[in-house]
Amino acid sequence: MKRSVNFSFHHMVRIPEPELMEEPTQVESYAHADFETAHSYLIRKFQDRLPSRFTPESILDLGCGPGDMSSRLYSQFPNSNFTFLDGSGFMLDLCKKRMDIMVLKKRNKKIEFKKELIQEFVPESPYDLVFSNSLLHHLHDPFEFWGAVQRSIHSDSFIFISDLMRPDSLTIADQLVVRYANDEPEVLKTDFYNSLLAAYRIEEVKEMLEIVRLDTKLNLEPITDRHWICYSKPRL
């Protein structure tokens with residue numbers, strides 16, 4: 001049964017978008033978009049917040065998409081076991097092609113690609129690192145996301161989540177599209193605009209964390225005019 005989500009904030013109403021990217025033109029445009037600046041910045045924030053000498057044996061990438069962030073994770077932890085999960089077969093195929101170029105054929109560690117909806121994902125065992133970028137805003141019920149995170153961790157797991165923030169108005173959404181996607185194809189501009197409108201505000205994410213009782217374990221902070229990050233608090 002779906003849990004109702006009614007946030008009482010006086011801001012622009014969230015407009016959900018489809019949960020999966022499966023339209024070929026949209027997928028191809030997304031895969032070839034220039035995310036270098038944004039993704040490099042997010043990865044630096046991720047690296048800055050990792051515990052010192054952190055060497056995860058197992059890593060879960062929730063909503064891996066076409067694999068740009070996945071490849072950056074692999075570059076940082078080439079000796080870990082990886083699970084790349086996405087509900088879109090098109091996206092997962094693109095991720096696999098990208099990773100096939102990077103991964104050594106004689107590699108002893110395991111890499112799995114799982115085409116599975118996040119609400120149906122039940123891991124065989126917990127992961128040392130759970131990473132997710134830009135998945136939460138696609139989900140109509142955000143608690144399906146947090147449930148998958150909770151099913152995938154143990155007491156010492158490190159969690160890192162990043163996503164878009166919904167702006168205060170349609171005008172600001174338009175301005176963000178011009179600022180960050182002006183040279184991209186129209187299909188990508190439209191997708192970015194729709195994603196901004198579907199994103200959760202940081203106050204809403206804070207309330208989610210309180211509801212699922214992760215607020216004592218995770219820090220939450222805005223890092224750009226359109227992104228927030230959520231990550232495990234340092235162990236005392």
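Annotation: of all residues in the stretch 124-180 being over 19 Å from the mean Cα position of the chain (by Cα) and open to solvent by less than 10 Å² (accessible area, probe 1.4 Å), the one that is farthest from D225 (Cα to Cα) is A173. Test Q119 against the stated conditions and say whether it is modelled with pLDDT of 90 or more, open to solvent by 40 Å² or more (accessible area, probe 1.4 Å) and farther than 17 Å from I159 by Cα. Considered against the rule, which asks whether it is modelled with pLDDT of 90 or more, open to solvent by 40 Å² or more (accessible area, probe 1.4 Å) and farther than 17 Å from I159 by Cα, Q119 comes out as yes. Just so you know, in the stretch 39-83 the residues that are of a type in the set (D, E) and either out of contact with any Asp or Glu (no Cβ under 7 Å at 6 or more places or on another chain) or closer than 20 Å to K96 by Cα (or both) include one that is least open to solvent (accessible area, probe 1.4 Å), and it is D61. If you take the residues in the stretch 182-214 that are outside any helix (DSSP H, G or I) and over 26 Å from S169 (Cβ atoms), which one is most open to solvent (accessible area, probe 1.4 Å)? Only one residue fits best here, namely R213.
For residues in the stretch 215-236 being among the hydroxyl-bearing types (S, T, Y) and not in a strand (DSSP E or B), which is farthest from L42 (Cα to Cα)?
Ranking the candidates gives T216 first.
Output the residue which, of all residues in the stretch 215-236 that are among the hydroxyl-bearing types (S, T, Y) and open to solvent by less than 80 Å² (accessible area, probe 1.4 Å), is modelled with the lowest pLDDT. Looking at the filtered set, the residue picked out is T224.
The values are calculated or read from the model by the stated rules, or taken from the named source; none is laboratory data. Source: prediction; values computed, not measured. Neighbour counts are summed over all protein chains in view; Cβ atoms, including those assigned to glycine, are modelled from backbone coordinates with ideal geometry. Quick note on the areas: whole protein, heavy atoms, side chains included, nothing else; ligands and nucleic acids left out. Shrake-Rupley method; radii C 1.70, N 1.55, O 1.52, S 1.80 Å.
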